[in-house]
Structure formats: structure tokens, C-alpha cells
Amino acid sequence: MMRCLRLLPLLFLVVLVAACGRGRHQDKTEYLPVDQMYEIAHQALNNGNYERAIRFYQRLVARFPFGLYTEQAQLELAYAQYRAKKHDEAVSTIDRFLKTYPTHAKADYAQYLRGIANFYREASLLGRYIDLDPAVRDLNSTRQSFTDFAKLLRDYPDSRYAADARQRMVYLRNTLARHEVMVAAYYLRRHAYIAAINRCKYVLENYQQAPEVGDALALMVEAYENLGERQLADDTRRVLALNYPDHPFITEGRSVVERKSAWRRLVPFG
């Protein structure tokens, strides 16, 4: 009996040490007040520690689903996810924010960030390892980014992000037009002349200011000639000469496919 009594203080000490250990290792995100959680997340974001920022922002939003801290935390969470190259998660966070706060004062920033996340999204695994022309990649993200920026300009024409969005749209437009021309050239090589003409028409209808419009017209001339459509070929050639008098197809009679021989090695995405 006396031996057991002597062991009680030792047992109490063991329990106390264990409790203290659990307290030290308790996740801060489970007990910190909202302002402190936001400050830690914001500091981590500023320091480039995106994973830590994401963890605290996500827990803040889960524990405190309403309030000014939560609104700002969601925007900064999306930015942290974008910087961490978690583009799908960033887009999902932005979509939730815009659905919850459609008239928020920073809704234009959210829409702009959506375009940026898609702009920098890796479009293909191959593109991560070699310097690949964006026009030969899968362009779903490119098209989505173009759509995101177009929505920003439509809904928030006076946004501080509008000018940058317009510049990015020019780059995206040219990339998309180049992709269509490359596909048209591929079809032309495969003697799929109608398919080539349809791709070129799409460029003329949707990317009128793109530099590749001249190439699209030249490819159409070739396709019409191969189909025996002499009148359509001549009409298209006149349009090309009128708008692009210095185009190599006019001045040198060089085919777009021959001039851009590197395309012969590419089988672009349709």
C-alpha cells in the first residue's frame, strides 16, 4: 500500500508531461482567433511560404465562414494557390468567392486572377520539359483565359486590371490564331481541304486582327486550288493581295506549309 502511494507523484508527473506535450503540438489553426490566423497567413504569403499561407487561410475560412477577414482570406488564398502552381484549386476558390460575393468591391480582381491562373496553367506535361510553342499544346486553358479576361472587360471595363487584361488577350488571340493555322496546314498536307478551309474561316471570323490572318488566306487559296475551285481561289488571292501585299505567298509564291517547314514535324491538337 505504501509503495503504491509513493508511485502516485511519479504517475502524476508523467501525465502532466504528456499533457504539456500535447498542448505544445496542438495545431495553432484550431484555437487562434481570426485576426491572428489572418496575420500569420498574410505574413506567410508575403514571405513566399505559400503552403503555410494556404493551410492557415483554408482553416480560417472553415472556422470563420463569415466576416471581412474571411472575404479577404479567400482572395489571398486563391492568390497563394496560384503562386504555388495549384491552378485548379485557385480557380475553384475564385469561383466560390464570386458565387458568394458577386457584387464584392474586389470582384474584378477575382475575375482577373482567374484569367491569370489559367494564363499560366501548364497546358501539357510535355510543355514543362521543353521549350514548346504554346500554339502546339492543348489550348483549353488558353481559351479559358481569353474568356476570363473578356468577361472582366465586359463586366468591369473601368477596372484597374483592364489594361493588362487587354494586352494578355492580344497574346492569347495570336496564340489561338496560330494554332488554328497550324491545324489548317496539317489538314492541307493530309489533303483534307474542306477541313483546312473551315479552320482558316474560323481564324478570319474570330481573330481578325491576328498576324496569322494572312497565312489563313494563303492556305485557303491553296485548298481551293486543290479542290478545283478556281473562282474561289482567285477571289481569296485578291483579298490576300489587297490586305497583305507583302505576304510571301504573293511576292514569292511560297506555300505557308513550305515556308514554315518546322510545322511538318508537328501534329497539332485538333
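Observations
- The set of residues in region 207-219 being in a helix (DSSP H, G or I) and in contact with a Leu (Cβ under 8 Å, 6 or more places away or on another chain) consists of Val213, Gly214, Ala216, Leu217, Ala218, Leu219.
- In region 98-115, the residues that are in contact (Cβ under 8 Å) with a residue 40 or more places away in the chain and either hydroxyl-bearing (Ser, Thr, Tyr) or surrounded by fewer than 22 Cβ atoms within 10 Å (Cβ to Cβ) (or both): Ala107, Asp108, Tyr109, Tyr112
- Scan region 156-169 for residues that are surrounded by 14 or more Cβ atoms within 10 Å (Cβ to Cβ) and not small (Gly, Ala, Ser) and the total you get is 5.
Conditions tested, residue by residue: (1) more than 17 Å from Ser145 (Cβ to Cβ); (2) of a type in the set (Val, Ile, Thr); (3) touching a residue at least 12 places away in the same chain (Cβ under 8 Å).
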| position | (1), (2), (3) |
| --- | --- |
| Ala41 | yes, no, yes |
| Ile54 | yes, yes, yes |
| Tyr57 | yes, no, yes |
| Phe66 | yes, no, no |
| Glu71 | yes, no, yes |
| Ala78 | no, no, yes |
| Arg96 | yes, no, yes |
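- Scanning region 69-86 for residues that are more than 14 Å from Ala41 (Cβ to Cβ) and surrounded by fewer than 19 Cβ atoms within 10 Å (Cβ to Cβ) yields Lys85, Lys86.
- Checked against (1) modelled with pLDDT of 95 or more; (2) within 19 Å of the chain's Cα centre (by Cα), Tyr156 passes all but condition (2).
- Residues satisfying the stated conditions in region 80-112, i.e. aromatic (Phe, Trp, Tyr) and outside any helix (DSSP H, G or I): Tyr101
- Residue match in region 11-21 (condition: modelled with pLDDT of 90 or more, farther than 21 Å from Gln144 by Cβ and in a helix (DSSP H, G or I)): no
- The single condition among (1) over 23 Å from the mean Cα position of the chain (by Cα); (2) surrounded by fewer than 22 Cβ atoms within 10 Å (Cβ to Cβ); (3) part of a helix (DSSP H, G or I) that Phe66 does not satisfy is (3).
Yes or no, residue by residue, for (1) in contact with a helix residue (DSSP H, G or I) (Cβ under 7 Å, 6 or more places away or on another chain); (2) aromatic (Phe, Trp, Tyr); (3) modelled with pLDDT of 95 or more:
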| residue | (1), (2), (3) |
| --- | --- |
| Glu30 | no, no, no |
| Pro33 | no, no, no |
| Tyr50 | yes, yes, yes |
| Ala53 | yes, no, yes |
| Gln58 | yes, no, yes |
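- Among residues of region 198-215 that are surrounded by 20 or more Cβ atoms within 10 Å (Cβ to Cβ), those with a Cβ under 7 angstrom from a residue that is acidic (Asp, Glu) and part of a helix (DSSP H, G or I), sequence gap 6+ or separate chain, pair up as Arg199/Glu180; Val203/Glu180.
- Restricting attention to region 39-63, the residues being surrounded by fewer than 15 Cβ atoms within 10 Å (Cβ to Cβ) and assigned to a helix (DSSP H, G or I) number 5.
- Only listed residue being modelled with pLDDT of 95 or more and part of a helix (DSSP H, G or I), chosen from Ile194, Ile250: Ile194
The values are calculated or read from the model by the stated rules, or taken from the named source; none is laboratory data. This structure is a prediction, so every number in the text was calculated from the model and none was measured. Using ideal geometry, Cβ is built from the backbone for each residue, glycine included, and neighbour counts are taken over all protein chains shown.
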